[in-house]
C-alpha cells in the first residue's frame with residue numbers, strides 16, 4: 001500500500017459513525033447536566049439575596065415582622081396545594097442527588113424516591129405528569145452510570161443489580177398500566193415513556209455480556 | 001442574551017462535531033460505551049468553557065482539544081498507557097451501512113489501516129487521525145495537541161514518513 005492509498009484508506013474511517021440513538025442519548029446526558037447546573041445557580045442566587053438582605057432585616061424590626069407574616073401566608077397557601085408540595089419534595093430530592101458523592105448513589109436515591117412515591121398508587125391523570133417527571137429523572141440518573149463502574153466509587157456488579165431492579169420495576173409498571181382500564185387514554189403517553197425506558201435499560205443490560 | 005448566544009453556539013457545535021468527536025474518542029479508547037461517556041464529558045466541559053465568556057476563535061479546534069484532554073485525563077486516572085487496540089470494530093459504528101457487503105469491505109479496510117496505525121507512535125496516530133479523518137487544519141491540530149504550527153507540520157510529515165516505511 002502506497003502513502004496516498006493509505007491516506008485514502010484513512011479517509012474511509014469517516015464513514016464510521018455512532019447511531020443517531022447514541023447521539024441523542026449523549027445529548028440528553030449533556031443537557032441534563034447543564035440544566036442541573038442552572039438549578040444550582042438559581043439556588044445560589046437566592047442564597048446570596050437572603051444573605052445580602054439579612055442585615056437590613058436585623059436593623060429594621062417592622063420590615064422583618066411584615067416579611068415574616070408574608071412568608072407565613074405564602075407557606076400556608078403553598079402547603080394547601082398538592083402540586084406545590086410535590087415541587088418542594090422535588091427540590092429536596094434534587095438537593096440530595098446533587099450532594100451524593102457518586103453517580104451510583106445519585107441513581108439509587110432517584111430510583112428509590114420514584115419507587116416509594118408511586119409504586120402503591122394508581123396512576124391517574126392527576127399524578128401522571130408528576131410520575132412521568134419522577135421516572136424521567138430516575139432514568140437520566142441511571143443512564144449516566146458507567147457500565148464498567150468507577151474505580152473506588154462503584155462496581156460493575158452494583159450497577160447491574162440496580163439495572164435489574166429497575167427493569168423489574170418498569171415491567172411491574174407496564175403490567176399495572178395494562179390492567180388499568182380507567183384513565184387508559186390519559187396514561188397512554190406514560191405507557192410509551194415506560195416502554196422506551198425499559199427498552200433502553202434492556203439494551204444496556206445486554207451490553208454487560210460484551211464486557 | 002449571552003446565555004442564548006452560548007446555547008446557539010453549543011447547539012451548532014454539537015450538531016457539527018458530535019459524530020467526529022465520538023469517533024476520535026472511540027479510536028483512542030476502543031470502547032463504544034466508554035466513548036459515549038467521554039463524549040458527554042467533552043460537551044459538558046465545552047459548555048462550561050462557553051459559560052466563562054472568553055472569546056472562542058475556533059469552535060472545532062476547541063471541541064477536539066477538550067476531547068483530547070478528556071481522554072488524557074481518563075488514562076491518567078486509570079494509570080494506563082494510552083493504547084489503540086483494534087481487534088474488532090463495534091458493530092454499532094457500522095449501523096449506517098445497510099449493505100452487508102459494503103460493511104464487510106469497510107471492516108476489512110479499517111482493520112488494514114489500523115494494523116499500520118497501531119504500530120506507530122501515539123502522537124503520530126493523533127496527527128494522522130485529526131488531519132485525514134477529522135479534517136482539521138494544521139492550525140487546528142496545533143491547538144488540539146498544544147504544539148506550534150511548525151512543530152505540527154513536522155509531526156505530520158514524520159508520521160507520514162513512518163507510515164511509508166511501514167508499508
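The values are calculated or read from the model by the stated rules, or taken from the named source; none is laboratory data. In this text, all values refer to a predicted model and were calculated from it rather than measured experimentally. All Cβ positions, glycine included, derive from the backbone under ideal geometry; neighbour counts span all protein chains shown.
Tabulated results
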| read-out | value |
| --- | --- |
| Residues of the stretch B:46-61 that turn out to be under 20 Å from the mean Cα position of the chain (by Cα) and surrounded by fewer than 10 Cβ atoms within 10 Å (Cβ to Cβ), as a count | 1 |
| Selection status of residue B:22, at pLDDT below 90, within 8 Å of chain A (Cβ to nearest Cβ) and under 24 Å from residue A:11 (Cα atoms) | no |
| Criterion (modelled with pLDDT of 75 or more, facing chain A (nearest Cβ under 10 Å) and surrounded by 12 or more Cβ atoms within 10 Å (Cβ to Cβ)) met by exactly one of B:128, B:94 | B:128 |
| The stretch A:143-164 residues that are touching a residue at least 40 places away in the same chain (Cβ under 8 Å), paired with ones that are loosely packed, with under 13 Cβ neighbours inside 10 Å and in a loop (DSSP other than H, G, I, E, B) (beta carbon under 8 Å, 6 or more apart) | A:147/A:211; A:148/A:211; A:153/A:101; A:156/A:211 |
| Which listed residue, of B:166, B:148, is out of contact with any strand residue (DSSP E or B) (no Cβ under 8 Å at 6 or more places or on another chain), touching a residue at least 24 places away in the same chain (Cβ under 8 Å), over 16 Å from residue B:68 (Cβ atoms) and not assigned by TED's automatic domain parsing to the domain that holds residue B:60 | B:166 |
| Test: residue B:107 is outside the structural domain of residue B:71 (by TED's automatic domain parsing) and in contact (Cβ under 8 Å) with a residue 12 or more places away in the chain | yes |
| Close pairs from the stretch A:2-29: first outside the structural domain of residue A:139 (by TED's automatic domain parsing), partner assigned to a loop (DSSP other than H, G, I, E, B), Cβ under 6 Å, at least 6 apart | A:17/B:96; A:19/B:95; A:29/A:144 |
| So residue A:210, is it under 30 Å from residue B:75 (Cβ atoms), more than 17 Å from the chain's Cα centre (by Cα) and modelled with pLDDT under 85 | yes |
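Residues checked against (1) part of a loop (DSSP other than H, G, I, E, B); (2) at pLDDT 90 or above; (3) in contact with a helix residue (DSSP H, G or I) (Cβ under 8 Å, 6 or more places away or on another chain):
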residue	(1), (2), (3)
B:101	no, no, no
B:110	no, no, yes
B:123	no, yes, yes
B:152	no, yes, yes
B:158	no, yes, yes
